[in-house]
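One structure is given here, and the rest of the page talks about it.
All of the numbers you see were taken from the coordinates with simple rules; none came from a lab. The structure displayed is predicted, hence computed values, not measured ones. Neighbour counts run over all protein chains shown; Cβ positions are idealised from the backbone, glycine included.
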Amino acid sequence: MIDRRSLILASVAAMLPLGASAARQPAPRTFDYGPAKLDIYAPDGASGLPVVFFVHGGTWQFGKRSQVNAKPAFLLANGFCFVSIDYRMLPEADVASQAGDVEKAYAYVRANIAQHGGDPERIVGMGHSAGCHLIALTGMRGGLPGVAALILDDTRAYDLAALSSNGGMVRAYARVFSDPSQWAALSPASYVDGRKHPPTFIAYSRAADRGEASKAFAGRLRATGTKVTVFDGSAYTHMSINRDFGEDGDALTAAALAFLKSSVS
């Protein structure tokens with residue numbers, strides 16, 4: 001478990017480059033991968049860089065690939081390419097179709113990222129909120145072949161049946177996951193047992209049920225021998241734990257960068 005205060009004291013100064021978040025936001029190149037579009041951010045003349053593949057949140061109904069805040073500038077400054085994808089939203093596409101979109105986008109990136117300076121063998125999947133659920137679901141079920149690691153940023157939707165039994169299937173969750181017969185197929189936890197998974201970084205905010213769901217999922221992963229890092233983000237809101245990534249002095253950023261570098265070295 002990574003404690004926010006100790007991480008600030010021990011890591012931030014050493015790991016965050018001065019002025020990273022103030023760097024000019026790079027312009028992406030946009031591509032159509034089939035169901036939707038994606039943006040690739042890469043330094044000019046890059047070759048063989050590790051890649052962060054990001055899926056935005058928005059309760060499976062909203063959001064867009066351009067909502068990336070300081071992530072591209074920060075990650076490019078630290079030797080990564082960055083990809084942000086759109087996927088079809090509810091009600092146009094259900095969650096199962098959205099997961100398929102994520103897998104199609106990943107396949108496109110893996111096939112083409114070398115042309116933009118990225119290494120297809122060193123891609124890390126990252127998502128926030130609904131995007132966190134989709135990255136966890138596709139990563140756990142084997143839909144991101146060859147993925148180097150996963151960064152899961154703040155969701156309750158790891159085990160939908162358990163969430164329902166704990167009274168958490170309310171509001172957006174109740175609307176999005178209205179059919180209990182689909183819960184097992186759409187739960188990342190359903191795919192954990194029996195095999196080791198890519199190294200996984202799990203962060204949670206102080207929003208309701210995030211800590212409990214994240215720790216339970218981390219425990220199931222660890223039982224398979226998977227390397228898991230859990231970040232206590234209880235100092236963050238559900239929105240700030242995503243928005244602050246890449247900002248100078250941000251503790252989650254320092255922890256995630258350490259995890260990224262260890263996963264793609």
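Summary of computed values
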{"read-out": "Gain in span if fully extended, GLU212 to THR30, counting 0.36 nm per residue against the direct Cα distance", "value": "61.8 nm"}
{"read-out": "Highest to lowest packing among 72-83, 124-135, 199-210, scored as the average C-beta count within 10 Å", "value": "124-135, 72-83, 199-210"}
{"read-out": "Sequence-distant residues sharing a close amide H with GLY58 (under 5 Å, placed H)", "value": "ALA130, GLY131"}
{"read-out": "Distance between region 56-92 and region 108-152 - C-alpha centres, whole angstrom", "value": "12"}
{"read-out": "Among 249-255, 169-175, the order from most to least packed when residues are scored by Cβ within 10 Å on average", "value": "249-255, 169-175"}
{"read-out": "Residues with amide H under 5 Å from that of GLY127, placed H, sequence gap 5 or more", "value": "VAL55, ILE151, ASP153"}
{"read-out": "Lysine pair count for the chain [Cα-Cα under 22 Å; pairs on different chains or 8 or more apart]", "value": "10"}
{"read-out": "Neighbour net charge for ALA184 - beta-carbon separation under 13 angstrom, K R +1, D E -1", "value": "-2"}
{"read-out": "Projected label distance in nm at ASP248 and ALA172, using a 7 Å step from Cα toward the beta-carbon", "value": "3.2"}
{"read-out": "For CYS81, distant residues with modelled amide H under 5 Å away", "value": "VAL51, VAL52"}
{"read-out": "Relative contact order computed over the chain (Cα-Cα under 8 Å; 6+ residues apart), in percent", "value": "23"}
{"read-out": "Nitroxide proxy distance, nm - points 7 Å out along Cα→Cβ at SER165 and ASN112", "value": "4.4"}
{"read-out": "Taking LEU186, LEU144 and counting other C-beta atoms within 10 Å, the order from fewest to most", "value": "LEU186, LEU144"}
{"read-out": "Structure-based [θ]222 nm, the chain - -39500 (n - 2.57) summed over DSSP H runs of at least 4, per residue, nearest 500", "value": "-9000 deg cm²/dmol"}
